[in-house]
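What follows draws every value from the coordinates through simple rules; no lab data is involved. In this text, all values refer to a predicted model and were calculated from it rather than measured experimentally.
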Amino acid sequence: MLTIEDEGVGIIERDLDRVFEKGFTGENGRKFGKSTGIGLYLCKKLCNKLGLGLEIQSEVNVGTKISIIFPKAENLVEK
């Protein structure tokens, strides 16, 4: 698992279910105006193509954590 974390404005809870939709900017997009709604959409799309999981956790005025979950390799040899 790879977790990327920030200490930014956070994402309001009611927007979390939609942040991976193409073009969705939510409340922060209306507040700050520079959001395009494409970044997290592309992340989700790429993770799906690569067979990776993608999860998000966020709290307003605390920050956001995005976790990329890598599958366990079946052919991995333990030493």
### Query
Which of Thr64, Thr36, Thr25 moves the most in a Gaussian network model of the chain with Cα springs under 10 Å?
Thr36
### Task
Using Cα positions and a limit of under 22 Å, work out the lysines in reach of Lys31, with same-chain residues fewer than 8 apart set aside.
Lys22, Lys65
### Task
Provide the gained length on full extension for the span Glu21 to Val62, in nm with one decimal, where the gain is 0.36 nm per separating residue minus the Cα-Cα distance.
12.5 nm
### Query
Taking 0.36 nm per residue of separation and subtracting the Cα-Cα distance, what length does fully extending Asp6 through Thr36 add?
8.9 nm
### Query
When each pair of different Cα atoms in the chain is counted once in the 1/r mean, what is the Kirkwood radius in angstroms, to one decimal?
13.7 Å
